[in-house]
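Enquirer: Structure provided below as C-alpha cells; questions to follow.
The values are calculated or read from the model by the stated rules, or taken from the named source; none is laboratory data. In this text, all values refer to a predicted model and were calculated from it rather than measured experimentally. When we count neighbours, we look across all protein chains shown, and the Cβ atoms used for this are built from the backbone with ideal geometry, even at glycine.
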Ligand code: HEC
C-alpha cells in the first residue's frame, strides 16, 4: 500500500502587494497622429532612397517589401523587420548598425545609412512604428503568446495569427535587475492579463493585455505558474534553481493578488497544473518521488508516493482540456507518466510512455489527442498519441537547442516550443547543437528561439528568434468547446 494521507496546514500571510497601477507602458492602444516627432512619410522617403531598389515587388530580398507601411509590417519570409516600441531589438536597426561584414546594406553593395538616418528609423520605431494615419501595428492583436527570455529580464510577445514578435516587455523598466530571470507565464482565459514569475527577483508580476504593470507580489524563488480557468486563483511553485525553497506553493487570488502559502509537505515543489472543472492543484517534488494534490475548497493536501527505485525528477505537468488526464514528464528517467484524474486519491500512473532524453514542459492539443514536449537534452520534440499512448513522432530540426517551454494556438493548428540555446561546457554532451542565428550581429550567438510546428505536417515551419534563453511560454489555455452554449 502506498502511503496516502490527508491533512491541512496553511501558512498564510499577506504579501506586501506593491501596487504599481497605472504605470503606463507604451504598447498597444492606438495613438492617432498628433504629437509624434517622426512622420511616416519621412521614413518611406528614406526607404525609397536607400532600400526599395532591392526590397520591392515579387523579387524583394528575403520577401521583405519596403514600399509601403503595410508591407513593411507584414515582415519578411522569416518574420518581423521591426518590433514596435523597441528599435534596439528590431532586426532592421540591428542589421543596419551591427551586421558583421556590414552594416546592411553595405555588404550587398547598397549605401550605408548615416547616423541621422539611423536615428530617424529608430525614433520612428520607438514611437511604435505608426502608419501615416497614426495606426500602431498589432494594436488589437487577439491571440498572443508570451515567451520569457530568462537571461535578459525580457518577455517577447508573439502574435499567434502572424507568428511574429510584436512587442517586448523589459522588466528592467520596472526596477527588476538584469538577472531577474523571468521563467514562466500564465495568461487569463480571456487574455485580459498575464502573469510572469521572476526567479531571481523573487517576484510574480501581473500585466494587462496592453503590457501595463498592474501589480506585483514578493514570492521566494517562483517557478511554474498555473491558473484555474474556472476559479479565482493563480498558483505558483518553485524554481529548479532553488536548492531548498519553502515546502509550500503560492495560492494567489488574481483579482487583488493577495498571497497565501500552502504547505505541500514535499521538498522542491516544481511541476504544477490545475484540473479544469474541479480546481484541484497538482505539484511534484524535484528531489523525491512524491506528488501533492491540493483541494482548494477545503484546503486539504494529499501526498502520494510515485513508484520507482530511481529518482524520476518530475519536471512538468499538463492536464487534458477535458480535465480527465494528466501527463507528467521526468527528467532523469525520460518518461511521460499518464494519470487518470478521475481516480481521485490514487495518483498511480495508468501508463508510462518512454521518450527521448529530458522531456521538459508538455502541452496538450485542444482536442486532447496529442501531447507535445521538447526534450531538453536531445534537441527534439516528442509527439505523443494519447489514444494509443505511444510516442508517435520525433521532430528534429533547426531552431531546437535545449528545448524548454511549450504552448499551442487556440485552434490547435500550431505548437510552439521555446529553446534556451545556451552555450554549454565541453563535457555537457549537448554542445555543438546550439542554434546559429540567421545574421551575425556580433553579440547574438546565444539568441533563444521559439519554433513553430505545424500540427498537420508535424514539421517545424518557422524559427522565431527571440533574445537570450527562451524559457517558459504562456498562452491562454485552449478551452474545451462545449456543445451547448449557455
Ligand atoms: C543592394 C540590395 C539591398 C539594399 C539596397 C537593401 N537591402 Fe536589405 N537585404 C538585401 C538582401 C540581399 C538581404 C538578405 C541578406 C542576406 O542574405 O545576408 C536583405 C535583408 C534585409 C533584412 C532582413 C530580412 C530578413 O528577415 O532576413 C532587412 C530588415 C533589410 N534587408 C532591411 C533593409 C533596409 C532598411 C534597407 C535600406 C536602408 C535595405 N535593406 C537595403 C538587399 C538589400
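Enquirer: Does any residue of the range 81-91 turn out to be at pLDDT below 95, more than 8 Å from the ligand (Cβ to nearest atom) and surrounded by 18 or more Cβ atoms within 10 Å (Cβ to Cβ)?
Expert: There is no residue in the range 81-91 that is at pLDDT below 95, more than 8 Å from the ligand (Cβ to nearest atom) and surrounded by 18 or more Cβ atoms within 10 Å (Cβ to Cβ).
Enquirer: Just to be sure I understand, how many residues within the range 399-426 are under 21 Å from residue 150 (Cα atoms) and assigned to a loop (DSSP other than H, G, I, E, B)?
Expert: Adding up the residues that qualify gives 10.
Enquirer: Restricting to strands (runs of 3 or more DSSP E) lying wholly in the range 243-326: which have 1 or more residues that are in the same structural domain as residue 185 (by TED's automatic domain parsing) and farther than 29 Å from residue 412 by Cβ?
Expert: Counting at least 1 such residues, we get 248-253, 258-263, 269-274, 281-285, 290-295, 300-305.
Enquirer: Which of the residues that make up the range 59-118 are touching a strand residue (DSSP E or B) at 6+ places or on another chain (Cβ under 8 Å) and either free of Cβ contacts under 8 Å to residues at least 60 places away in the same chain or part of a helix (DSSP H, G or I) (or both)?
Expert: Within the range 59-118, just 89 meets the criteria.
Enquirer: In the range 39-58, which residues are in contact (Cβ under 8 Å) with a residue 24 or more places away in the chain, surrounded by fewer than 16 Cβ atoms within 10 Å (Cβ to Cβ) and either within 34 Å of the chain's Cα centre (by Cα) or away from the ligand (no atom under 12 Å from the Cβ) (or both)?
Expert: Listed by number, the residues that qualify are 39, 41, 42.
Enquirer: Give the range 120-130 a look and list any residue that's away from the ligand (no atom under 13 Å from the Cβ) and either more than 31 Å from the chain's Cα centre (by Cα) or farther than 17 Å from residue 94 by Cβ (or both), or say none.
Expert: Those that are away from the ligand (no atom under 13 Å from the Cβ) and either more than 31 Å from the chain's Cα centre (by Cα) or farther than 17 Å from residue 94 by Cβ (or both): 127, 128, 130.
Enquirer: Any residue at all in the range 393-405 that is within 16 Å of the ligand (Cβ to nearest atom) and under 22 Å from residue 89 (Cβ atoms)?
Expert: yes
Enquirer: A follow-up question, please. Within the range 155-175, identify whether any single residue is in a helix (DSSP H, G or I), crowded, with 19+ Cβ neighbours inside 10 Å, assigned by TED's automatic domain parsing to the domain that holds residue 464 and at pLDDT 95 or above, and answer yes or no.
Expert: Within the range 155-175 (the criterion being in a helix (DSSP H, G or I), crowded, with 19+ Cβ neighbours inside 10 Å, assigned by TED's automatic domain parsing to the domain that holds residue 464 and at pLDDT 95 or above), the answer is yes, since at least one residue qualifies.
Enquirer: Would you mind stating whether residue 208 is in the same structural domain as residue 272 (by TED's automatic domain parsing) and modelled with pLDDT under 95?
Expert: No; evaluated as a whole, the condition is false for this residue.
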